[in-house]
Amino acid sequence: MKKETICIQGGYVPSNGDPRQIPIIQSTTFKYDSAEEMAKLFDLEADGYFYSRCGNPTCDMVAKKIAELEGGTAALLTGSGMAANFLAFFNIAGAGDHVVSSSTIYGGTYNILSTTMKRMGVECTFVDPDCSEEELNAAFKENTKFVFGETIANPALTVLDIEKFAKAAHAHGVPLIVDNTFATPINCNPFKFGADIITHSTTKYMDGHGATLGGCIVDSGNFDWTKYPDKYADLCTPDESYHGVVYTEKFGLGGAYIAKANAQLMRDLGTVQSPVNAYILNLGLESLPVRVARHCENALAVAKALEKNPNVTWVNYASLPGNKYYDLAKKYMPNGTCGVVSFGIKGGKLAAEKFMAALKVASIETHVADARTCCLHPASTTHRQMTDEQLIEAGVPGDLIRYSTGLENAEDLVADLEQALASI
Ligand SMILES: *Cc1c(COP(=O)(O)O)cnc(C)c1O
């Protein structure tokens, strides 16, 4: 099936007389006739549900749709994008390990790697996504467990050379994890270019209406953990916290990584998505291809207008001819990139504040990638914990405005931007 069809029909096939829309199974627990039957579920000996922290049918239907969209073998919904990234990381890296990450990533994810996981004993080496293959290879150590990057970085809007990162990761016997939030599976399927695991903040385009937080982890099933049984011992040797199950044996390469993330980390950390939120997310997924195309169309119109404006010092949008990432974007996302544009404003921080206050259609929000156009000055909000040096390293200079194009009429958006820029 093509993506438009998967978005509508994927993940759930109703039988005769079943509800046409996915049912919301809003129940914490599930009833069984015998203790023996339930014990089989606890031992992962049988398929079924027993407690919604460890699995819920509504969430699984939506996860399955996202797995189909990405071309993956298994997926897990999480309560937020941050939870998806943390679980994806912590599933294969712990105390004493090292990881490699692109430096231009979402501020919260940067903090997980630079601070929170550091406190848990995991060291991260950040690399410029545009680094040479030699520089990238030099970042690896004996104890490196994975490489991470974002297809289109939020908010730097750098485009990841997925093949370059996958090649280096695989040469060092580790998987590449890609956060595909901004591109969505409609515009890019990182598995086709060698990524092994994909994460999403479904809060963004997938929900698309600013209605519900969520995340998702998808496994390609392509990374062979059993080639490195010592490095990925948790996947290849008995999990004593789970009745001695060996994930790679029990679930195969297609299921081991997600089964472990669910059986071990979701069980212990409990960052689940609620069934109602999964239902809302699914409504968003149904129209994803239609919306993503419109977001991209509007963003290109906005980027072209900004490029001509005398109060704008630079415009960054990978689909704009002449952009540094134009060729990479054409290779990985031939049908378009995303709806988010960034630009520099003449006059820096003060001008940025004045400009934002003058906007009438776009609103000031700590959000991106939904139906309503919104705008943010990261240096004074989402990224304010960073030093000037870290801001530059993260690709977020102090004069950067992040503008997330919604689904409104493009002429209205351009007129709004032009009057606000004129006011400074
Ligand atoms: C928003 C975002 C996140 C975090 O997701 P939440 O749903 O807000 O927790 C992670 N990665 C990227 C690329 C994002 O845009």
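The values are calculated or read from the model by the stated rules, or taken from the named source; none is laboratory data. Nothing here was measured: the structure is a model prediction, and the numbers come from that model. Here Cβ is always computed from backbone atoms with ideal geometry, including for glycine, and neighbour counts include all displayed protein chains.
Below are the figures for this structure:
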quantity	calculated
Subset of the range 331-390 [of a type in the set (Ser, Thr, Tyr), in a helix (DSSP H, G or I) and under 14 Å from Leu417 (Cα atoms)]	none
Candidates Ile401, Ile364 - the one that is surrounded by 16 or more Cβ atoms within 10 Å (Cβ to Cβ) and in contact with a Cys (Cβ under 8 Å, 6 or more places away or on another chain)	Ile401
Candidate set: the range 242-254, residues that are within 16 Å of Leu41 (Cβ to Cβ) and buried (at least 17 other Cβ atoms within 10 Å of the Cβ); chosen: the one nearest to the chain's Cα centre (by Cα)	Phe251
Subset of the range 366-379 [closer than 15 Å to Gly108 by Cα and either more than 16 Å from the ligand (Cβ to nearest atom) or within 18 Å of the chain's Cα centre (by Cα) (or both)]	Thr366, His367, Val368, Ala379
Counted residues, the range 137-161 - those being part of a loop (DSSP other than H, G, I, E, B) and of a type in the set (Phe, Trp, Tyr)	1
Check on Ala211, surrounded by fewer than 23 Cβ atoms within 10 Å (Cβ to Cβ), among the aliphatic types (A, V, I, L, M) and touching a residue at least 12 places away in the same chain (Cβ under 8 Å)	yes
Criterion (among the polar types (S, T, N, Q) and within 16 Å of the ligand (Cβ to nearest atom)) met by exactly one of Thr144, Thr125, Thr116	Thr116
Leading residue by the ranking (surrounded by the fewest Cβ atoms within 10 Å (Cβ to Cβ)) among those in the range 267-279 that are assigned to a helix (DSSP H, G or I) and under 18 Å from the mean Cα position of the chain (by Cα)	Asn277
Of residues in the range 263-300 being in contact with a strand residue (DSSP E or B) (Cβ under 9 Å, 6 or more places away or on another chain) and polar (S, T, N, Q), the one nearest to Lys204 (Cα to Cα)	Asn277
Identity of the residue in the range 308-330, assigned to a strand (DSSP E or B) and among the hydrophobic types (A, V, I, L, M, F, W, C), that ends up farthest from the chain's Cα centre (by Cα)	Val312
Count of the range 334-354 residues which are of a type in the set (A, V, I, L, M) and in contact with a helix residue (DSSP H, G or I) (Cβ under 6 Å, 6 or more places away or on another chain)	2
Of the criteria (1) within 12 Å of the ligand (Cβ to nearest atom); (2) farther than 22 Å from Pro229 by Cβ; (3) at pLDDT 95 or above, which one Tyr106 fails	(3)
Test set (1) within 16 Å of the ligand (Cβ to nearest atom); (2) within 17 Å of the chain's Cα centre (by Cα); (3) modelled with pLDDT of 95 or more - Lys65 fails condition number	(1)
Residue count, the range 68-97 (criterion: of a type in the set (Gly, Ala, Ser) and within 16 Å of the ligand (Cβ to nearest atom))	7
Which listed residue is more than 18 Å from Tyr257 (Cβ to Cβ) and in contact with a strand residue (DSSP E or B) (Cβ under 6 Å, 6 or more places away or on another chain), from Ala183, Ala153, Ala171	Ala183
